[in-house]
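*Asks:* Can you keep this structure in mind? I'll have questions shortly.
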Amino acid sequence: MRITGLPTPLTSTTTKRLVADTPHDFPCRRCLADAEPGEAVLLLSYDPWTVDSPYRQPGPVLVHERDCATVTTADLPEQQRRRLLSVRTFDAEGMARDAFLQAGSEVDLVAVLDDPAVSFVHLHNAGPGCFAARVDRG
Ligand SMILES: [Zn+2]
């Protein structure tokens, strides 16, 4: 299982600069860590899709303003384990297979990817709907 943060650079016509003022409320989707209070982050619209799909939609994401490194990990990052997630599974053509809400601490992505029809997974913060990460096999 591979969870990959967003690439750099990201471009958006709607970027807003914010300064984190509380812990754990400003999750960077590039390094997959929450910004610390006082750190600057950029709020922008991002389209995570790599295939054309009727489900395709851009959405809001936060990334550190500084040049943090894109993280790839085999484990669900702490920033996502502490949140309620919307887990959305898709086949290779981008058609939805399943979607459900679950506490990040309880999501079993290995079991989700055990379905051979599932090609990739998108994780979103369940409340605000922010894109959190893409999950692939391998
Ligand atoms: Zn970051």
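No lab work stands behind these numbers, since they all come straight from the coordinates. Every value quoted in this text rests on a predicted model; they were computed, and no experiment measured them. Virtual Cβ from ideal backbone geometry, glycine too; neighbours counted across all protein chains shown.
*Asks:* Determine, for each peptide in 62-72, 78-88, 14-24, the mean count of other beta carbons within 10 angstrom over its residues, then list the peptides with the highest first.
*Replies:* Packing order, densest peptide first, comes out as 78-88, 62-72, 14-24.
*Asks:* If you place +1 on the Cβ of every Lys and Arg, -1 on the Cβ of every Asp and Glu, and leave all else neutral, what size is the dipole of the stretch 8-87 about its Cα centre, to the nearest 20 Debye?
*Replies:* That gives the stretch 8-87 a dipole magnitude of about 180 debye.
*Asks:* Convex hull over the alpha-carbon atoms of the chain: what's its volume per residue in Å³?
*Replies:* Once divided by residue count, the hull of the chain is 101 Å³.
*Asks:* Moving on. Might you report the magnitude of the Cβ-based charge dipole of the stretch 3-138 about its Cα centre, with Lys and Arg at +1 and Asp and Glu at -1, to the nearest 20 debye?
*Replies:* For the stretch 3-138, the charge dipole is close to 300 debye.
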